[in-house]
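Read the structure below first, then the notes.
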Amino acid sequence: MSSPARWKCAPLRGIRPMLDIDQSALGADVALIGVEKRFDGNTVLSRLDLTIRAGEFLSIVGKSGCGKSTLLRLLSGLDQPSSGDIRVDGLTPEDGREDIRLMFQEPRLLPWARVIDNVMVGLPEGGPVAERHARAEAALREVQLADKAAEWPANLSGGQRQRVALARALVSRPRLLAFDEPLGALDALTRLVMQDLILQVKREEAFTAVLVTHDVTEAVALSDRVIVLDAGRVAREVVIDIPHPRPRGDARLAALEAEILGAIFAEGGPVRSAAGGTQLSG
Ligand SMILES: Nc1ncnc2c1ncn2[C@@H]1O[C@H](COP(=O)(O)OP(=O)(O)OP(=O)(O)O)[C@@H](O)[C@H]1O
Ligand SMILES: [Mg+2]
């Protein structure tokens, strides 16, 4: 288990100090206002309005091709909206890039670099090597992989590689961490372990989390709120107001999961349900 004291070291240029965290700073505030994304006349996101509060854990679900990855790419500044506005702590994602990290289904590690060097890739350039090393070691402890620092990626399991990718994302202490199906390639048991690890680092670090997943059980287990994307809009928003730890198999979670699945597979526009989810205009 990590604690803020483990991160104790002097600040590197470009990132905030790891000590003296302002407890009111829980992560980035995110706002999308009238966001549209078109590819060659194909409208993928359509006048999308969404706010994500600092420190929130938001999951995005929806059918394949509904625009989930597109939305994460816009949020992380890898692509720009065709129209509309995106603000992360008041900045455009491009301008606030230092504070945003994106994690994918594949760990995307450098095969020729040892684990510790892969984690250091997540730090801004510059600063004393010893300090960069200390930060990467702290991030590896955070994901419980300190003993693999000198290992090559090829010698790790799939779950361990994803933990290295998580450490690389965490090492710069981002204010917004976006996950695009990060556990999609893992076996069911490793997935559960990784879900717990993500919740643990979320408790210990100050970031806003946005998770895209096809696994509605996962979305309900981890998030404060789940949104269903459909036809480029937010078709349903469901608040998961159940404290952690959330017992797996809990009847309330199962009911919310059923509601979300119903919204994903409903025909046509926004869905109406007696289960209590917030209804959004279509
Ligand atoms: N660079 C691009 N050029 C053209 N079309 C694109 C581009 N990126 C995405 N699209 C299209 O946008 C739509 C949404 O794609 P996106 O990858 O966001 O879907 P998704 O919801 O993440 O799907 P999945 O669940 O399968 O990952 C798709 O129709 C896709 O073909
Ligand atoms: Mg996708």
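Every number here is computed from the coordinates shown, using simple stated rules; none is lab data. Model, not experiment: these values are computed from the prediction. With ideal geometry, Cβ positions are generated from the backbone for all residues, glycine too; neighbour counts draw on all protein chains shown.
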Place a +1 charge on the Cβ of each Lys and Arg in segment 86-134 and a -1 charge on the Cβ of each Asp and Glu, then give the dipole magnitude about the Cα centre in debye, rounded to the nearest 20. 200 debye
Which whole-Hz couplings ³J(HN,Hα) result when phi for each residue of segment 44-51 is put into the Karplus expression 6.51 cos²θ - 1.76 cosθ + 1.60, θ = phi - 60°, listed in order with x for Gly and Pro? 9, 10, 10, 6, 7, 10, 7, 10
Given GLN144, LEU156, ALA169, which one lies farthest toward the positive end of the charge dipole of segment 134-192, if we put +1 on the Cβ of every Lys and Arg and -1 on the Cβ of every Asp and Glu? ALA169
Could you work out the relative contact order of the chain, using alpha carbon pairs under 8 angstrom and six or more residues apart, expressed as a whole percent? 23 percent
Looking at the chain, send over the antiparallel percent of its DSSP beta bridges, to the nearest 5. 55 percent
Considering only the other residues whose Cβ falls under 10 Å of the Cβ of VAL216, what net charge follows from Lys and Arg at +1 and Asp and Glu at -1? -4
Please list, in chain and number order, the residues 5+ apart from ARG236 or on another chain whose amide H is under 5 Å from its amide H, with Hs placed from the backbone. VAL228
What FRET efficiency do you get for TRP152 and LEU78 if R0 is 30 Å and r is their Cβ-Cβ distance, rounded to the nearest 0.05? 0.60
Based on the mean of other beta carbon atoms within 10 Å per residue, what is the order of 229-239, 143-153, most packed first? 229-239, 143-153
Among LYS202, LYS63, which comes first, then next, by fewest other beta-carbon atoms within 10 Å? LYS63, LYS202
dims of segment 130-177, Cα set, principal axes, largest to smallest, nearest Å -> 29, 25, 14
Please list the equivalent ellipsoid semi-axes of the chain, computed as the square roots of five times the alpha-carbon gyration tensor eigenvalues, in descending order and whole angstrom. 32, 21, 18
Proxy exposure order for SER82, SER64, SER59 (fewest C-beta within 10 Å first) is SER64, SER82, SER59
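Total Lys pairs in the chain closer than 28 Å by alpha-carbon, pairs eight or more apart in sequence or interchain only?
So the count of such lysine pairs works out to 7.
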For a quick protection proxy, order the peptides 121-132, 47-58, 186-197 by their average other-Cβ count within 10 Å, most packed first. 47-58, 186-197, 121-132
Of all C-alpha pairs within segment 198-240, those more than 15 angstrom apart amount in percent to 48 percent
Long-range amide H contacts for GLU56: which residues qualify at under 5 Å (H placed 1.01 Å from N, peptide plane, sequence gap of 5 or more or a different chain)? ALA209
Using only Cα atoms, tell me the angle between helix 188-204 and the longest principal axis of the chain; keep it within 0 to 90° and round to the nearest 10. 80 degrees
